Amino acid sequence: MPTLRQLFLANNAQTTDFPLLLEFERAEGVYMYDKEGKPFIDLISGIGVSNLGHSNPYVINAIKQQVDKYMHLMVYGEYVQTPQVRFAEKLTSILPSGLQSVYFTNSGSEAVEGALKLAKRFTGRQQVIAFHNSYHGSTHGALSVMGNEEFKQAYRPLLPGVSFISFNKTADLSYITNQTACVIVETLQGEAGIRVPDSAYMQALRARCIETGTLLILDEIQAAFGRTGKLFAFEHFGIEPDILLLAKALGGGMPVGAFIASNQIMSALKENPILGHITTFGGHPVCCAAGLAALEFLLNENLINQVAEKEALFKKLLVHPAIKQVRGKGLMLAMELESFDLNKKIIDRCIENGVITDWFLHCSNSMRIAPPLIITPAEIEKACSVILEAIAHYC
Ligand code: PMP
């Protein structure tokens with residue numbers, strides 16, 4: 001009889017020759033448990049998804065209730081489905097008045113695709129500006145706006161008309177012109193190793209887009225829902241996007257994304273031709289029910305107010321001569337070490353000792369620290385002691 005691991009390697013498509021091969025049986029709160037019942041602290045939230053931790057009972061209950069009513073009924077946008085309507089109503093109630101129309105998608109990448117298409121349609125322009133070291137997903141359109149040659153060169157030709165500028169560099173804003181349909185930017189760059197821009201820069205970016213009639217797309221697929229200590233990361237900078245991208249934590253552990261704009265902008269999808277973006281499963285009723293429950297839980301439990309204190313505790317504890325920097329905002333942090341080699345060894349030892357973490361796609365010398373927002377001070381202390389032990393072992 002082949003083991004599950006052997007079957008996984010034989011029949012499930014592999015994307016590297018070195019998958020982690022961990023096998024978990026269940027997950028609850030900040031912990032994931034393997035077959036022997038060994039607990040692992042999830043310090044990365046399944047890459048920014050499990051903001052409320054695993055198996056939140058309130059979310060599970062909402063999923064079960066919706067499953068008993070109906071699952072898929074029809075492609076997106078035709079029927080009045082209660083979970084989609086209630087979720088959009090709640091989201092728009094907590095967003096600025098310019099973000100009142102929600103298009104639900106399956107994933108973050110699909111939200112990126114929808115937003116790029118919408119910006120071209122609304123402005124009638126073809127040029128797109130994106131950022132060096134950005135990450136927006138892995139479909140062709142999303143790859144086209146990724147700021148890393150290594151990951152995209154094998155897939156050319158990609159979308160034409162995309163150019164790249166440097167994050168947080170005011171001089172580059174002059175590349176945004178009245179030919180630019182949109183600027184797509186992560187409010188905080190994630191896979192670049194958590195880079196926080198200056199407020200003055202973000203305000204200048206916002207102003208330049210207004211001046212040139214360019215739509216500003218903020219990708220908060222990783223950064224939203226309290227991850228940075230605010231409900232939405234743009235709140236740190238006193239700006240608002242024309243199109244907001246959400247996914248990951250949006251579904252409370254279920255797959256759903258969204259691009260959100262004003263009614264005026266979004267209505268460009270309705271004409272010449274109609275059906276400007278089509279998706280079968282986007283806004284799946286079970287995912288929307290889960291997402292609504294997750295958002296209610298996040299707001300009712302006041303989780304966001306505790307994020308700054310938890311950030312401070314990580315920053316206080318993670319001190320060692322080998323740690324060059326702990327960067328980021330809230331619970332979206334990167335711990336920088338000397339090299340990938342050292343980082344990888346430390347990460348492997350952390351995993352062995354029950355703390356799951358990893359590195360960033362475009363920043364391999366830094367360790368990701370993005371636990372569920374529900375992590376307690378005692379759990380933070382435990383996780384940091386495992387990290388510091390691993391550092392001490394190698395340094
Ligand atoms: N944008 C950002 C900032 C992301 O971090 C990600 C996923 N890591 C995406 C877009 C793509 O989302 P998905 O994997 O759901 O397509």
Any lysines whose Cα falls less than 21 Å from that of residue 35, other than same-chain ones fewer than 8 residues away, would be none
So the carbon and sulfur contribution to the accessible area of the chain, 1.4 Å probe, in percent, is 53
Looking only at lysines whose Cα falls under 20 Å of residue 315's and that sit 8 or more positions away or on another chain, we get 230, 324, 329, 382
Mean Cβ-within-10 Å packing, highest first, puts peptides 184-191, 263-270 in the order 184-191, 263-270
GluC sites (Glu not before Pro) in the stretch 1-54 lying in a DSSP loop, each with at most 11 other Cβ atoms within 10 Å of its Cβ, come to 36
Nearest 10, in degrees from 0 to 90: the angle of helix 108-123 to the longest Cα principal axis of the chain is 20
Sites removed, the longest contiguous part of the chain containing no DSSP-loop chymotrypsin sites (Phe, Trp or Tyr not before Pro) with at most 14 other Cβ within 10 Å is 80-395
Here the stretch 25-41 yields Karplus 3J(HN,Hα) values (6.51, -1.76, 1.60; θ = phi - 60°; whole Hz; Gly and Pro given as x) of 9, 7, 8, 8, x, 8, 9, 10, 10, 8, 4, 8, x, 6, x, 10, 6
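Dipole magnitude of the stretch 57-300 about its Cα centre, charges +1 at Lys/Arg Cβ and -1 at Asp/Glu Cβ only, in debye to the nearest 20?
Once rounded to the nearest 20, the dipole reads 160 debye.
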With every protein chain in place, the accessible area of residue 55 for a 1.4 Å probe, in Å² rounded to the nearest 10, comes to 60
With Cα coordinates, the longest principal axis of the chain makes an angle with the long axis of helix 307-317, in degrees rounded to 10, of 40
Once all protein chains are kept in place, residue 80 shows an accessible area at probe 1.4 Å, nearest 10 Å², of 130
Quick tally, 1.4 Å probe accessible area for 358, 341, 219, 68, sorted with the most first, runs 68, 341, 358, 219
Per the Kirkwood formula over distinct C-alpha pairs, the hydrodynamic radius of the chain in angstrom is 21.8
With every protein chain in place, the accessible area of residue 218 for a 1.4 Å probe, in Å² rounded to the nearest 10, comes to 0
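Name the trypsin sites (Lys or Arg not before Pro) in the stretch 51-118 that are in a loop by DSSP and that have at most 11 other C-beta atoms within 10 Å, would you?
none
What do you get for trypsin sites (Lys or Arg not before Pro) in the stretch 154-252 restricted to DSSP loop and a cutoff of at most 14 other Cβ within 10 Å of the site's Cβ?
169
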For the stretch 350-395, Rg(Cα) over 2.2 N^0.38 Å is 1.20
Sequence order, the stretch 157-166: Karplus ³J(HN,Hα) from phi using 6.51 cos²θ - 1.76 cosθ + 1.60, θ = phi - 60°, Hz rounded, Gly and Pro as x, gives x, 9, 4, x, x, 9, 10, 10, 10, 8
Once normalised by the length of the stretch 60-165, the mean sequence separation of its alpha carbon contacts under 8 Å that are 6 or more apart gives a contact order in percent of 19
Here the relative contact order (percent) of the chain, from C-alpha pairs under 8 Å and at least 6 apart, is 22
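Using only the heavy atoms of the protein chains and a 1.4 Å probe, how would 210, 369 rank by accessible area, largest first?
From most accessible down to least: 210, 369.
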Ranking 73, 170, 133 by how far each Cα lies towards the positive end of the charge dipole of the stretch 57-300 (+1 on Lys and Arg Cβ, -1 on Asp and Glu Cβ), the top one is 73
Rounded to the nearest 10 degrees, the helix 82-93 long axis (Cα) sits at an angle to the longest Cα principal axis of the chain of 90
What helix-only [θ] at 222 nm does the chain give? Using -39500 (n - 2.57) per DSSP H run of at least 4, over all residues, to the nearest 500, the answer is -10500 deg cm²/dmol
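The values are calculated or read from the model by the stated rules, or taken from the named source; none is laboratory data. Treat the numbers as computed from the prediction; the structure is a model and nothing was measured. Ideal geometry is used to build each Cβ from the backbone, glycine not excepted, and the neighbour counts take in all protein chains shown. In case anyone asks, the SASA skips ligands and DNA or RNA and just uses the protein heavy atoms, side chains included. Shrake-Rupley method; radii C 1.70, N 1.55, O 1.52, S 1.80 Å.
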